[in-house]
Amino acid sequence: MIDIFKEQLGVDEDVALVLAQEGFSGLEEIAYVPEQEMLDIEEFDADIVGELRSRARDVLLTKAIANEEQLEIAEPAQDLLEMEGITKELAKLMASKGISTVDELAEQSVDELTEIDSIDAEQAARLIMKARESWFADEPTEAGE
């Protein structure tokens, strides 16, 4: 955490160490914990607390904007766009999460797919099985079947 705080907040090791020792485990906590909680830290005054909270919020905002831009530029492959049960919006959403092809969808688990907003477990299972159909269609059948 110390390295993360140093890098992302642009603070020296002493400040990063105090944050870690006080139990902060992420930028969200620094940005949104009640201000008084940070003011209660002996080594911090109001100026330091204000600056830390401002820097943490700036980093979080920058990350959120980058995620939105990634969503806008993500392009699903044609096979995913043409798959039954996939809308263009859903395909773009999946592509933004690194699932751009039918094969990439087939490799997902239900739990992984439900982490994407607007996909429930039933829909995830149905989409994954549909994506895996080609795996089974290509298998030769054994004699006697």
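Since every read-out is calculated from the coordinates, none of them should be taken as a lab result. As the structure is a prediction and not an experimental result, all values here were calculated from the model. Virtual Cβ from ideal backbone geometry, glycine too; neighbours counted across all protein chains shown.
Mind putting a number on the dipole of region 1-108 about its Cα centre? Charges go on the C-beta only, +1 for Lys and Arg and -1 for Asp and Glu, and I need it in Debye to the nearest 20. Walk me through the numbers before you get to the answer.
Numbers: 8 positive and 28 negative charges, 86 e Å.
With Lys and Arg at +1 and Asp and Glu at -1, about 420 debye.
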Estimated 222 nm signal from helices in the chain, with DSSP H stretches of n ≥ 4 weighted -39500 (n - 2.57), rounded to 500: -19000 deg cm²/dmol
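About the Cα centre of region 70-125, how large is the charge dipole given +1 on each Lys and Arg Cβ and -1 on each Asp and Glu Cβ? Please answer in debye to the nearest 20. Walk me through the numbers on the way to the answer.
Values: 3 positive and 15 negative charges, 38 e Å.
Computed charge dipole of region 70-125: roughly 180 debye.
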For residue 22, distant residues with modelled amide H under 5 Å away: none
Projected area, mean over directions - region 75-137, Cα convex hull, nm²: 3.7
At q = 0.17, 0.21, 0.23 Å⁻¹, base-10 log of I(q)/I(0) for region 2-72 (Debye sum, equal scatterers on each alpha carbon): -0.59, -0.84, -0.98
Per-pair calculated FRET efficiency, R0 = 22 Å: residue 41 and residue 2 via Cβ, rounded to 0.05: 0.90
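Need one number for the chain: average projected area of the convex hull over its C-alpha atoms, nm². Intermediate values should be presented prior to the final figure.
Details: hull surface 50.9 nm².
Answer in nm², one decimal: 12.7.
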